[in-house]
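What follows draws every value from the coordinates through simple rules; no lab data is involved. Every value quoted in this text rests on a predicted model; they were computed, and no experiment measured them. Methodologically, a virtual Cβ is constructed for each residue, glycine included, from the backbone with ideal geometry; neighbour enumeration extends over all protein chains shown.
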Amino acid sequence: MSFHTGAPSMRRAFSRAPALAAVALFAAAAQAQTPASAGPAADAAANPATNPATSPAIHPAASAAALAPPPFTLEAALQSAAERSAAMQAAQASVRASGEAAVKAGQLPDPTLKAGVDNLPVTGGQRYTIGQDFMTMRRIGIEQQWVSRDKRRLRTALADQRTGRERAGYLMELATVRQQTATAWLDAAYAKAALALREQLATRMDEELAATRAAYRGGAKSGGAADVVAAQALQAQARDQVLAARQALQSALIALSRWTARPVGDVAGAPPAPESYVSSLPPEALRLAQPTLIAASDDIAVAEADTAVATSERKPDWTWEIAYQQRGGAYSNMVSIGVSIPLPINRRDRQDRDVAEKAELASKARLGYEDTERQVEADIRNDSAVLSSGRERIANLRAALLPAAAQRVQLADAAYRAGTGSLADSFAARRAQLDAELQVLELQREVSRTWARLEYQVVPSTLAAAQ
């Protein structure tokens, strides 16, 4: 094979020799400035405790970093959200309120104290006198509405069922808080990873720009000034993308602090593997752990208990009364005993209508449970399918896209060093590699969000019992 030194490709290669030499000199200069060869001054700079300029007591930035809240792991965020959520505290207050109402439901109504004057004369010589007319008497008595023991038992059962329904509402709120907290934490974790990728590219762009400038100053002819201008533009774009990614991370941390109810400066730890045990739960276990199903089941229990109370109301409550009546000194005192009995003369259109209403509401609750169960099962199947497909897509991109993007960068760099490619091609390959990595990262975020929605829709029995 013969070589022609006068060919355009070889001329570009020879003209870029100063550029490559400048890059080598730039790398050597960077190595010469490493801490290992910098002596005691570098050791002092590397050790904040022995360097007054970087001591937290003197340096404001270091002091602020020392006071910053520790990074939140996923479990720490979930725990903080469960302990500090105002919505969950409100749900707990509702449960306590229902418990108080359950105690009241089984009690008799308060008795009524009755006092008065009967048969007071208003005309004649004895008018407005109490002790002279034989019919005038001062009266004091007690009246008590008597609710049967069976009715009180049914009312207590209804109140207990309502308390159980409030507990289910609390579990629903707990599941929602855990879902939202996990999703916010995952968003922050992936925003942090995206920022790291952007910063890595920006750092590489800074190095390329410095090397390109050094090559241009070293006498590179072909493409020198154009390469510098192109590198400056790409570096500016990379830095702008870093700022945007940093703002995205800050927004994600603020969103997470809304659920933790504490300032969040950073997140720590890797996102969990997108494997959810909820997909394999049998229907019986799901009914006991899924708050939406628990609440729908409790709605049935409340409606049935309400129907039983309405049925018991078909029998009226009697009201008993006893009174002591005092007359004048010349006459004997008396005691009166009485009972009041409501007469349900239109039971078919009143009490029976109440029973029919409550029975229909119970039917509504049962049908609502069936619909809720179908919806929950469909959502679980769909999220499980999305999760499985997402894992497969991630594996495919890691196996095919990322290696291809890395190989493209290697080929573009090799072509540029050999003089057969341009600096723009090398930068384009690196941007394409970053786009590929961000594509995988975004897919991982979407899959993780699906995992959080699936995983945290149920409340573990240990956590539910502790709450």
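One equal scatterer on each Cα of the range 105-187, no solvent, Debye formula: the resulting log10 I(q)/I(0) at q = 0.11, 0.16, 0.24, 0.26 Å⁻¹ is -0.63, -0.80, -1.05, -1.11.
Convex hull of alpha carbon positions in the range 226-292: directionally averaged projected area 8.6 nm².
As a rough footprinting exposure proxy, the listed residues 259, 320, 185 were ranked by other beta carbons within 10 Å of their own, and the order from fewest upward is 320, 259, 185. Using only alpha-carbon positions in the range 359-431, the gyration tensor eigenvalues give semi-axes of 58, 11, 4 Å once each is multiplied by 5 and square-rooted (largest first). Pull out a ≥ b ≥ c, the square roots of the eigenvalues of the alpha-carbon gyration tensor of the range 75-135, then state rounded if a/c is under 1.5, prolate if not and a/b is larger than b/c, and oblate in the remaining case. Here the range 75-135 falls in the prolate category. Give me the base-10 log of I(q)/I(0) for the range 282-406 at each q in 0.14, 0.18, 0.22 Å⁻¹, Debye formula, one uniform scatterer per Cα, rounded to two decimals. Debye output, listed in q order: -0.84, -1.00, -1.17.
The smallest convex shape that holds all Cα atoms of the range 204-361, its convex hull, gives 367 Å³ per residue.
Across the range 122-275, Cα-Cα pairs more than 26 Å apart make up 66 percent of the total. For a straight C-alpha distance cut-off of 20 angstrom, the lysines reachable from residue 315 (same-chain residues fewer than eight places away being disregarded) are 151, 358. Treating each Cα of the range 386-467 as one equal point scatterer and applying the Debye formula with no solvent, the log10 of I(q)/I(0) at q = 0.13, 0.14, 0.22, 0.24 Å⁻¹ comes out as -0.57, -0.62, -0.94, -1.02. If a spin label sat at a point 7 angstrom from the Cα of residue 275 along the line to its beta carbon, the backbone N atoms of the range 387-411 nearer than 16 Å would be those of 387-392, 395. Between the residues 309, 336, 319, the greatest Cα displacement towards the positive end of the dipole of the range 307-348, with unit charges on the Cβ of Lys, Arg, Asp and Glu, is found for 309.
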